[in-house]
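Reading through the structure tokens given below for one structure.
The values are calculated or read from the model by the stated rules, or taken from the named source; none is laboratory data. This is a predicted model, so every value here is computed, not measured. Here the Cβ is made from the backbone with ideal geometry for all residues, glycine too, and neighbour counts use every protein chain on show. The protein model used for the area step is the full one, side chains on, heavy atoms only, and it has no ligands, DNA or RNA in it. Shrake-Rupley method; radii C 1.70, N 1.55, O 1.52, S 1.80 Å.
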Amino acid sequence: MNRLVCWIVISNVLVACNDDVGLRKKDSFNSGTIHISADESFKPAIDAQVAVYEASFPETNIIVHYKTEAECLRDFIVDSIRMIITTRGFNEGERQAMIDSGGVGPTAATVAKDAIAVIVHPQRTDSFFTLQQIKDLVSGKGKENLIPVFDGLRATSTVRFMLDSVLRGGKLGANVVAAESSKGVIDYVAQTPNAIGFVGVSWVGNRDDTAQLSFLKKIKIARLESTDSAGAYVLPVQYLIYTDTYPMVRHLVYVLKENHLGLGTAFGNFLQSERGQLVFRRSYLQPLLRPFYIRQAELREE
């Protein structure tokens, strides 16, 4: 009887070990497939990260599902989603929900700073705004007949930023228009002279990207009043994002749900590595985990 019990115990341990080995074999840093959810407003930057990673490890396949922020946060309890990329981490209730649903203690890391760019029609002569003007515009109290355009009326990180950080509990005005995506915002502004659009800076900040160059021929980026110098107006460029001189800055955060050292862990480590941080910098976000050097420069006209 004792031998039978011992054999059952040993058999169960072997099965468990084999299952664990099988799980780890499903994906690793250099092979396998995972699904992640990402905020659609970060799409250009995340596409670039995935492209570089998969080029380095050709047997990996990182499938990104771009969604609104609220949809990404609901994926905290979806077992098939290994990572979520949005503008915030998780609270204690969400952490416990992930543990209860998937048996995984999640981790989070803030890896970059992003900015919300304000875009206008290229024919618009006035492209300078104070934050108060932006607040009046999106609350429907602006004096001009302008149309604010977002990548959705609710559930997106851009809308949440406006509600929390600009309106501070106020409501969006009846004049606000919703496009289906960030590209939809760009297209709407390009076709509507009195429209003012709001998109993640990685959609319009990279002048080395041919797609974004085509966007910049159809719209122009507005300047907002600096946070540290009244009367000075600034663009959402990296140094001014880094110093919070540009007034509409937010974070890029990933949440990892993985109970083994698999492809999700490896991709998260890549986002924090020197190469991943350089990809963020190349996407015109501000990397947070590597030094940002400031150098004096002198421009001369010839």
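For the range 25-52, residues that are touching a residue at least 12 places away in the same chain (Cβ under 8 Å) and closer than 20 Å to G200 by Cβ total 16. Scanning the range 99-109 for residues that are in contact with a strand residue (DSSP E or B) (Cβ under 8 Å, 6 or more places away or on another chain) and either modelled with pLDDT under 95 or open to solvent by 50 Å² or more (accessible area, probe 1.4 Å) (or both) returns T107, A108. Among the residues of the range 148-164, those that are surrounded by 17 or more Cβ atoms within 10 Å (Cβ to Cβ) and farther than 30 Å from E274 by Cα comprise P148, V149, F150, D151, G152, V159, R160, M162.
Cβ separations smaller than 6 Å between residues 6+ apart or across chains give the following pairs from the range 201-222 residues that are among the hydroxyl-bearing types (S, T, Y) to residues that are open to solvent by 20 Å² or more (accessible area, probe 1.4 Å) and assigned to a helix (DSSP H, G or I): S202/P44.
Look at (1) without any contact (Cβ under 8 Å) to a residue 24 or more places away in the chain; (2) on the phi < 0 side of the Ramachandran plot and you find that T158 fails only one, number (1). Apart from one condition, F198 fits all of (1) closer than 19 Å to V118 by Cα; (2) touching a residue at least 12 places away in the same chain (Cβ under 8 Å); (3) open to solvent by 10 Å² or more (accessible area, probe 1.4 Å); (4) not hydroxyl-bearing (S, T, Y); the exception is (3). Just so you know, in the range 207-243 the residues that are in contact with a Lys or Arg (Cβ under 7 Å, 6 or more places away or on another chain) and β-branched (V, I, T) include one that is nearest to R160 (Cα to Cα), and it is I241. The set of residues from the range 244-278 being more than 19 Å from M162 (Cβ to Cβ) and open to solvent by 50 Å² or more (accessible area, probe 1.4 Å) comprises N259, L261, N269, Q272, E274, R275, L278.
Screening F128 against (1) in contact with a helix residue (DSSP H, G or I) (Cβ under 8 Å, 6 or more places away or on another chain); (2) touching a residue at least 12 places away in the same chain (Cβ under 8 Å); (3) surrounded by fewer than 17 Cβ atoms within 10 Å (Cβ to Cβ) leaves a single unmet condition, (1).
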